[in-house]
Amino acid sequence: MVQPDPDPKPTAAADSEPVAEEAVDEKAVDGKAVDEEAVDEEAVDEEAVDEEEAEPKPDPEKARSTVDRLMWTSAWLTVMVGVFLLSGMLQAEGGYNVLGWLGAVVAILGLLALIAAYAACALNRITLRTKVLGSADLFQASTLVVAIVVICGLLVPSNNTAALAILLPWAVTYWLHGLTKAPTT
């Protein structure tokens, strides 16, 4: 929109009287007369299109299926961590001491518990906000299990990478847990 110049320059025809502007339904755009109502309708249509593009309407079904896919992804990533942990143990040339075997067994049991929890969430049997121990929800319990798995996995001599890889599926569930609000009761 063109703004009038605040300090107009004097014109050559100073003796001519200023012409009063009449209320006309036409505007001059690029030297052509345009109907003002048509311009307003086009502006409204463009604004409606911009608002639709700027704020897409949330689809609860699509959001639920995305959460389910991410929970299945977390379950499969946890399975892969277990496979890597077991394959590292089987390929190790040296024998493990008692602490190494204990760490491996506890880590595998923790991984199985995490796989079961993530699969149950993906199947919509439970949610990450489901209360499991007093006021602790499933996500908080799974965080404790992840910490135990990491510590016990680090006790296995040759599998530090596999033990730390469990943090990736946990990070996905951390993000999903943060997407939903805690119920206020």
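The values are calculated or read from the model by the stated rules, or taken from the named source; none is laboratory data. Only a predicted model underlies this, so the values are computations on that prediction, with no experimental measurement involved. Here the Cβ is made from the backbone with ideal geometry for all residues, glycine too, and neighbour counts use every protein chain on show. Ligands, DNA and RNA are stripped out before the accessible areas are found, and what is left, the full protein with its side chains, is counted by its heavy atoms. Shrake-Rupley method; radii C 1.70, N 1.55, O 1.52, S 1.80 Å.
So in the stretch 66-110, with the set limited to residues that are open to solvent by 50 Å² or more (accessible area, probe 1.4 Å) and among the aromatic types (Phe, Trp, Tyr), which one is farthest from Ile166 (Cα to Cα)? Selected residue: Trp101. When each of Leu167, Leu123, Leu179 is tested for being within 16 Å of Val67 (Cβ to Cβ) and modelled with pLDDT of 85 or more, the lone residue that passes is Leu123. The number of residues in the stretch 147-175 that are crowded, with 19+ Cβ neighbours inside 10 Å and farther than 21 Å from Leu86 by Cβ comes to 1. Does Leu144 satisfy being buried (at least 18 other Cβ atoms within 10 Å of the Cβ), in a helix (DSSP H, G or I) and within 29 Å of the chain's Cα centre (by Cα)? No.
Residues that are in a loop (DSSP other than H, G, I, E, B) and farther than 28 Å from Ser87 by Cβ were ranked within the stretch 116-133; the one that is least open to solvent (accessible area, probe 1.4 Å) is Leu128.
Only one of the listed residues (Ala113, Ala136) is surrounded by fewer than 19 Cβ atoms within 10 Å (Cβ to Cβ), free of Cβ contacts under 8 Å to residues at least 40 places away in the same chain, hydrophobic (A, V, I, L, M, F, W, C) and touching a Ser or Thr at 6+ places or on another chain (Cβ under 9 Å). That residue is Ala113. Among residues of the stretch 49-65 being surrounded by fewer than 10 Cβ atoms within 10 Å (Cβ to Cβ) and either outside any loop (DSSP other than H, G, I, E, B) or in contact with a helix residue (DSSP H, G or I) (Cβ under 8 Å, 6 or more places away or on another chain) (or both), the one that is modelled with the lowest pLDDT is Glu51.
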